[in-house]
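Just below is one structure, and these are the notes that go with it.
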Amino acid sequence: MRHYGIIGYPLVQSFSAKYFNEKFATESIPAEYTLYPIEVESLKLKAENLLDTLDGMNVTMPYKQAIIPFLDHLDETAEGVGAVNVVHKRVGYNTDCLGFLESMRPIIRDYDRKALVLGTGGASKAVCYGLKKLGISPTLVSRTPQKGMLGYNELTEEVMKAHTIIVNCTPLGMFPETEACPDIPYNQLTHRHLLFDCIYNPEVTCFLQQGQAKGATIKNGMEMLVGQAKAAWKIWNQE
């Protein structure tokens, strides 16, 4: 019996647990996938133990960066992103970036040159890395902006017009708080905008609903999640 799992906090829901346990059952794979909600003060002790016992690990909010000191090595993508969502034999990988690229590439338009990335956590790092791979310049948007970022109060009409892609990497709008959404000027969205939400539950978040109402192209994070999970499975089963 092989053992896999995901660490994060809180783990109210997990796409990965459902995806992998269904995969194990369908393909008669002798394995199980478990949720490990770990509070910050317990991270060091519990993460070290799980790294030694699990055959493969996923990492989600808020530990995609915090897990790095416990690892022996990062692959090239994880190093470039600066965040980890997959671990195998104490090596950190980032498959979020691959999942995002696969999901975004088919819907990019010729005129898409700049993107606003809402949030500054591990997911936003993977998204920014992926956008650069697509030749698109990302700008982070934060409630507490640092150098090179924008605050939500700086999203002027000119800024919104220039940045035709907007990616939500915050948890705002995630089930069960489905009425929440990032504080951007939705009235300035047009049919030329593309809104991508890393959230997959609900299928159409408040963020995406408001974009859809303005004629924008919208897409949620389900395809990104499936892509990153498939890539994780390949990593865990590599020779």
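No lab work stands behind these numbers, since they all come straight from the coordinates. Owing to the predicted nature of the structure, the values given are computational and were not obtained by experimental measurement. FYI the Cβ positions are ideal-geometry reconstructions off the backbone, even for glycines, and counts take in every protein chain you see.
Expressed as a rounded percentage, what relative contact order does the chain have, with Cα pairs under 8 Å and six or more residues apart?
15 percent
Applying the Karplus parametrisation 6.51 cos²θ - 1.76 cosθ + 1.60 with θ = phi - 60° to the phi angles of segment 47-61, what ³J(HN,Hα) value in whole Hz is obtained for each residue in order, glycine and proline being reported as x?
Listing the rounded values in order: 5, 4, 5, 5, 4, 7, 10, 7, 7, x, 9, 9, 10, 10, 3 Hz.
Excluding residues fewer than 8 places away in the same chain, name every one of the lysines whose C-alpha is closer than 19 Å to that of residue 23.
Qualifying lysines at Cα under 19 Å: 230, 234.
Over segment 99-223, what is the relative contact order in percent, taking alpha-carbon pairs closer than 8 angstrom and at least six residues apart?
21 percent
Check which residues have an amide H placed less than 5 Å from residue 2's amide H, if you skip close sequence neighbours.
31, 32
Give the angle, between 0 and 90 degrees and rounded to the nearest 10, that separates the Cα long axis of helix 122-133 from the longest principal axis of the Cα atoms of the chain.
For helix 122-133, the angle is close to 60 degrees.
Residue 202: net charge of surrounding residues, Cβ under 15 Å, Lys/Arg +1, Asp/Glu -1, itself excluded?
Values: positive: 219; negative: 177, 179, 197, 203.
So the surrounding residues net to -3.
How many percent of DSSP beta bridges within segment 2-94 run antiparallel, rounded to 5?
Numbers: 5 of 18 bridges.
If we restrict to bridges inside segment 2-94, about 30 percent are antiparallel.
Among the Cys residues of the chain, which have no other cysteine Cβ under 4.7 angstrom away?
Flagged as lacking a Cys partner: 97, 128, 169, 198.
With label points built 7 Å along Cα→Cβ from the Cα atoms of residue 223 and residue 162, find their separation and express it in nm.
My value for the distance between the label points is 2.9 nm.
Show log10 I(q)/I(0) for segment 99-223 at q = 0.09, 0.10, 0.20 Å⁻¹, two decimals, from a solvent-free Debye sum over equal Cα scatterers.
Cα-only, vacuum Debye calculation for segment 99-223: -0.20, -0.25, -1.17.
Let me understand the chain better: what is its radius of gyration from the alpha carbons, and its Dmax, in angstrom?
18.0, 57
Could you go through segment 87-103 in sequence order and give the Karplus-derived ³J(HN,Hα) for each residue, using 6.51 cos²θ - 1.76 cosθ + 1.60 with θ = phi - 60°, rounded to whole Hz, and x for Gly and Pro?
Karplus-based 3J(HN,Hα) across segment 87-103 equals 10, 9, 6, 6, 10, x, 10, 10, 9, 4, 4, 4, x, 5, 4, 5, 7 Hz.
For segment 2-94, what ratio Rg/Rh do Cα atoms give with a Kirkwood hydrodynamic radius?
0.96
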